[in-house]
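Student: Could you have a look at this structure, given as structure tokens, before my questions?
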Amino acid sequence: HAKLLGKNNFQFYQGNMRNKVNENFEMESMLRKALEQDELLLVYQPQVNASGNNVVGVEALIRWKNEKLGMVSPGEFIPMAEETGLIIPIGEWVIRTACLQNKAWQNQGFEPITMSVNLSIRQFYQSNLAAKVEEILLETGLNPVYLELEITESMAMQADTATKVLNDLKKLGVKIAMDDFGTGYSSLNYLRNFPIDHLKIDQSFIRDISQNEEDQNIITSIIALGHNLNIKLVAEGVETKEQRDFLVENGCDVLQGYYFSRPVEHSEIPAFIRSFLHIN
Ligand code: C2E
Ligand code: MG
Ligand code: MG
Ligand code: MG
């Protein structure tokens, strides 16, 4: 009995492994074609000013729409893009598309907002990132103050190189946000040395805000820390009125999450910019 079970288990495992390898291989070649075949798109999630309830920015989030695979989320293909190096052309496409879109809204006469773009680690450490960003800004005509680049704590590990890259980016006039703050290898040293405009408090701290006093204390401490360093705070993953009220009462500057809006296609954003949100 045990033998039979063992054998079955083994075959099951092996079959799974084979599928996984084929799947990965196939997915990689499909991802290679995704850029040329126009299968990538950006969706945009509004970021709301805590004091005024108006939209001050959007975060660009990538999606991959493939005929066979359906909608693939970035969590499933960004790691593969990182590994294969495809993240370099994909990342460049993201920055260009996001800048073009933001410029287009401005050309349509809307109040300017900030466009936040996520950088991946390989993209961050590519040799010519600042030059690439500068080229895209010139080409699209977007004023650099309306572009924000999001990095994570993991990118700061090579502190000297990271400082140089960030300073080069800052010289262009763009903004820098530290994403998922509090989940990685946070070091206060980064906050001292890096030119950071925004700290994005990770959604894992926001989730249980109304029940968990420890999370409340962590959040108020991060807000105080940021403000003492002249850094603005963005809360990620705000889903409920309770969470929003707590963050507003405790001085968080900008809020982002399903409570306000899911990430949406570009055509839906003007309505958000135009009308102040009436949410109580
Ligand atoms: P992130 O930058 O921390 O983005 C926030 C994620 O939380 C997004 O997931 C967003 O859809 C989701 N989210 C927003 N509000 C809520 C909420 O109220 N509740 C919950 N549960 N989730 C919320 P998404 O779009 O699947 O992106 C996942 C991650 O993939 C991003 O995390 C970012 O690290 C990465 N990513 C997305 N787009 C890009 C890109 O263009 N380039 C790179 N390098 N990475 C990207
Ligand atoms: Mg982000
Ligand atoms: Mg985040
Ligand atoms: Mg994240």
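The values are calculated or read from the model by the stated rules, or taken from the named source; none is laboratory data. This structure is a prediction, so every number in the text was calculated from the model and none was measured. Methodologically, a virtual Cβ is constructed for each residue, glycine included, from the backbone with ideal geometry; neighbour enumeration extends over all protein chains shown. In case anyone asks, the SASA skips ligands and DNA or RNA and just uses the protein heavy atoms, side chains included. Shrake-Rupley method; radii C 1.70, N 1.55, O 1.52, S 1.80 Å.
Student: For the stretch 87-175, which helices (runs of 4 or more DSSP H) that fit wholly inside it have 3 or more residues that are surrounded by fewer than 18 Cβ atoms within 10 Å (Cβ to Cβ)?
Tutor: Hits in the stretch 87-175: 87-107, 129-140, 159-172.
Student: Next up: Can you tell me how many residues in the stretch 176-189 are more than 16 Å from ligand 4 (Cβ to nearest atom) and open to solvent by 30 Å² or more (accessible area, probe 1.4 Å)?
Tutor: Total satisfying the criteria: 3.
Student: From the list LYS175, LYS241, LYS232, exactly one residue is at pLDDT 95 or above, away from ligand 2 (no atom under 16 Å from the Cβ), at negative phi and charged (D, E, K, R). Which is it?
Tutor: Going through LYS175, LYS241, LYS232 in turn, just one is at pLDDT 95 or above, away from ligand 2 (no atom under 16 Å from the Cβ), at negative phi and charged (D, E, K, R): LYS241.
Student: Right, here's the next one. Output the number of the condition that SER204 fails; it satisfies all remaining conditions of (1) under 30 Å from PHE110 (Cα atoms); (2) within 16 Å of ligand 3 (Cβ to nearest atom); (3) out of contact with any helix residue (DSSP H, G or I) (no Cβ under 8 Å at 6 or more places or on another chain); (4) not acidic (Asp, Glu).
Tutor: (1)
Student: Hey, could you check the stretch 269-280 for residues that are outside any loop (DSSP other than H, G, I, E, B) and either within 14 Å of LEU199 (Cβ to Cβ) or not hydrophobic (A, V, I, L, M, F, W, C) (or both) and say which is most open to solvent (accessible area, probe 1.4 Å)?
Tutor: Filtering first and then ranking leaves ARG274.
Student: While we're looking at this one, here's another question. Has the stretch 155-169 got at least one residue that is within 15 Å of ligand 4 (Cβ to nearest atom) and either at pLDDT below 95 or in contact with a Phe, Trp or Tyr (Cβ under 8 Å, 6 or more places away or on another chain) (or both)?
Tutor: Checked the stretch 155-169: at least one residue is within 15 Å of ligand 4 (Cβ to nearest atom) and either at pLDDT below 95 or in contact with a Phe, Trp or Tyr (Cβ under 8 Å, 6 or more places away or on another chain) (or both).
Student: Run down SER210, SER221 and say which single residue is among the polar types (S, T, N, Q) and part of a helix (DSSP H, G or I).
Tutor: SER221
Student: So PRO195 passes all but one of these: (1) touching a Leu at 6+ places or on another chain (Cβ under 6 Å); (2) assigned to a loop (DSSP other than H, G, I, E, B); (3) open to solvent by 50 Å² or more (accessible area, probe 1.4 Å). Which condition number does it fail?
Tutor: That leaves (3) as the condition not met.
Student: Just to verify a result, which residue in the stretch 198-227, among those that are away from ligand 2 (no atom under 16 Å from the Cβ) and within 30 Å of LEU137 (Cα to Cα), is least open to solvent (accessible area, probe 1.4 Å)?
Tutor: Step by step, filter the stretch 198-227, then rank; the result is GLY226.
Student: Give the stretch 147-162 a look and list any residue that's within 16 Å of ligand 3 (Cβ to nearest atom) and aliphatic (A, V, I, L, M), or say none.
Tutor: Listed by number, the residues that qualify are LEU149, ILE151, MET155, ALA156.
Student: Another one. Those residues that are within 16 Å of ligand 1 (Cβ to nearest atom) and more than 18 Å from the chain's Cα centre (by Cα), I need them from the stretch 163-193; list them, please.
Tutor: The answer is VAL165, and nothing else.
Student: Mind listing whichever residues of the stretch 230-239 are in contact with a strand residue (DSSP E or B) (Cβ under 9 Å, 6 or more places away or on another chain) and either without any contact (Cβ under 8 Å) to a residue 12 or more places away in the chain or open to solvent by 50 Å² or more (accessible area, probe 1.4 Å) (or both)?
Tutor: Answer for the stretch 230-239, where residues must be in contact with a strand residue (DSSP E or B) (Cβ under 9 Å, 6 or more places away or on another chain) and either without any contact (Cβ under 8 Å) to a residue 12 or more places away in the chain or open to solvent by 50 Å² or more (accessible area, probe 1.4 Å) (or both): just LYS232.
Student: How many residues are farther than 14 Å from MET115 by Cα and within 16 Å of ligand 3 (Cβ to nearest atom) when one looks only at the stretch 163-178?
Tutor: 1
Student: Now, a different point. Please work out which residue is least open to solvent (accessible area, probe 1.4 Å), limiting yourself to the stretch 246-268 and to residues that are within 15 Å of ligand 1 (Cβ to nearest atom) and assigned to a helix (DSSP H, G or I).
Tutor: LEU247
Student: Considering only residues that are more than 20 Å from the chain's Cα centre (by Cα) and hydrophobic (A, V, I, L, M, F, W, C), which ones fall in the stretch 205-218?
Tutor: Residues satisfying the conditions are ILE209, ILE218.
Student: So, in the stretch 59-103, how many residues would count as being touching a residue at least 60 places away in the same chain (Cβ under 8 Å) and more than 16 Å from ligand 3 (Cβ to nearest atom)?
Tutor: The number of residues fulfilling the criteria is 1.
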